[in-house]
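Data block below; observations after.
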Amino acid sequence: SNPSILILPGDGIGPEVMAEVRKIIGWFGDKRDIQFDVSEDLVGGSAYDAHGTPLHDDTMAKAQEVDAVLLGAVGGPKYDDLDFSVKPERGLLRLRKEMDLYSNLRPAQCFDALADFSSLKTDVVAGLDIMIVRELTSGVYFGEPRGIFEEGNERVGINTQRYTESEIERAARSAFELAMRRNKKLCSMEKANVMESGILWREVVTRVGAEYPEVELSHMYADNGAMQLVRWPKQFDVILTDNLFGDLLSDCAAMLTGSLGMLPSASLGAPMANGRPKALYEPVHGSAPDIAGQGKANPIACILSFAMALRYSFDQGAEADRLEKAVEKVLADGVRTADLLGEEGVTPVSTSEMGDAVIGALDAS
Ligand code: NAI
Ligand code: MG
C-alpha cells in the first residue's frame, strides 16, 4: 500500500499554505508516480470549534497510525481567552507528546537569492546551511511541578526545567546521527554555568559523543550561542539544544534566512514497526492572524516541510532535492510573496501563485 500522510491544516494561514502543499503532493503523484494515501483532519481552534477540544481522540489515534503528519499552524485571537486546557496550542503539544516526537529538526538555510534580504550582512548569511536539533518533549514546558500557586499573600508561577539522562541521550543520538550525514560538526548549547540540568546535559552529550569519534563536538553556553548565531552563524553546522533554548535559538536563526515564511521543521520520534520514525512536519511560523484570509502567506515553509518529509519519512532524498531546487529556482527568478519584499518596484505574488510557480519549476526540472 502507499505511504500515508495525515494533513492537519489548522487555523489562520495554515489551510492557505497547506493547499499549496496538496498541489505539490498531487504533482508527485501525477508526474513522478509517487503516490500517498492522504487524509485530512482538524487541529487547534478549528478542532475546538467542531468538537470542543483542540485535538479529538480520533485524530490523535490517526496521527499515531500514519507514516507522517503534515501540520499547518494553530491559534489565533479568537481563541486567546479560552481556558488553557483547550487552547489551540494544547492540540499541537498533545501530538508532540503522545507521538513522543523528541527530536525537532529546524534547518536555517539561506537561499542565495535572499541573502541580500536578510536582516544581516550578505556575507554573514550567504550560503548558510545549519540545522538546529531541539529536544521537544521534555524540559521546562513539561516539567513538574508547574502551575500558579498561593504563597503567603501573593501567587507564584512555577515551571520546572527537568531532564532525565535518557531524554538527553536520545536527543543527542539523533543529533549525532544527523551530524554524521552532514559535516560531522556538532555544537551543544545549555547553561551549565547556572543550571544543574545543563551540567547533566553537557555530561550526557559528551558521553554519547564518545560513540561518534568522527564528529567534532563542542559546547557553548546558550546565551553566547545566541550571540554567535547573529555574529557568524557559518561557524555552526548541527546545533543540539534543549526545548526552551531551542525555541529561542531557532527563532533567532529564523531571522538569518529572511522570513519566518521560509522555515520548515521536522519532529521525529522513535522508529515504528515499519522502520520509519514517528514524524510530524510543520512550518516554524504560526497562524499569522494579521495576514490570514488575504492570500498573502508565503507557502514555502510548508512546502519545504513536505520536502523534509520526503527525505526523512519516505526515503525520497532525490525528490526532496528536486523540490528544494524548484523553490531555489523560483526565488532566483525573483518570484516573491509580500514577506520577502525588500526593494520597491516588485509586485508580490499571492500564496497560490507562489505554489503554482514551484509547480512550474518542478515541471521544468
Ligand atoms: P506568527 O508566526 O503567526 O506570525 C509572526 C509574523 O510573521 C506575523 O507578522 C506574520 O504575518 C508573519 N508570518 C508568519 N508566517 C508567515 C508566512 N508563511 N508568510 C508570510 N508572513 C508570515 O506568530 P505570532 O504572530 O506570534 O502568533 C500568531 C498565532 O499563531 C498565535 O495564536 C500563536 O499562538 C500561534 N502560533 C502557532 C504556532 C504553531 O502552530 N506551530 C507557532 C507560533 C505561533
Ligand atoms: Mg517559537
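Some points to look at:
- In Hz, Karplus ³J(HN,Hα) per residue of the stretch 43-48 (6.51, -1.76, 1.60; θ = phi - 60°; x = Gly, Pro): 8, x, x, 5, 6, 4
- Sites ASP112 and ASP49, calculated FRET efficiency, Cβ-Cβ separation with R0 35 Å, nearest 0.05: 0.25
- Shape call, the chain: gyration tensor on alpha carbons, a/c limit 1.5: rounded
- Reachable aspartates and glutamates from LYS31, criterion Cα separation under 19 angstrom, eight or more residues apart if same chain: GLU20, ASP315, GLU319, ASP321, GLU324, ASP356, ASP363
- Gyration tensor (alpha-carbon) shape descriptor, the stretch 80-120, a/c threshold 1.5: oblate
- GNM remark for the chain: springs join alpha carbons under 10 Å apart, and the peak mean-square fluctuation among ASN159, ASN298, ASN274 falls on ASN274.
- For the stretch 144-175 versus the stretch 290-338, the gap between their alpha-carbon centres in whole angstrom: 35
- GluC sites (Glu not before Pro), loop per DSSP, at most 13 other Cβ atoms within 10 Å - longest free stretch of the chain: 1-210
- Here's how it looks for GLU40: its modeled amide H is under 5 Å from those of ILE7, which are all 5 or more places away or on a different chain.
- Reachable lysines, given that their alpha-carbon falls under 17 Å from the alpha-carbon of LYS185 and they are not under 8 places away in the same chain: LYS234
- Estimated inter-spin distance, SER39 and GLU214, nm [label 7 Å along Cα→Cβ]: 4.0
- Here the label points at LYS234 and THR122, each 7 Å from Cα along the C-beta direction, are separated by 1.3 nm in the simple model.
- Computed from the C-beta positions of ALA270 and SER350 and an R0 of 45 Å, the FRET efficiency is 0.65 to the nearest 0.05.
- DSSP assigns beta bridges within the stretch 118-257; of those with both partners inside it, close to 30 percent run antiparallel.
- Cleavage-rule hits (trypsin sites (Lys or Arg not before Pro)) in the stretch 153-235: DSSP loop, at most 16 neighbouring Cβ within 10 angstrom: ARG162, ARG182, LYS184
- Distance between the modelled labels on LEU200 and ARG32, one decimal in nanometres: 4.2 nm (7 Å Cα→Cβ projection).
Coordinate-derived values only; no laboratory data. Keep in mind it's a predicted model, so treat the numbers as computed, not measured. FYI the Cβ positions are ideal-geometry reconstructions off the backbone, even for glycines, and counts take in every protein chain you see.
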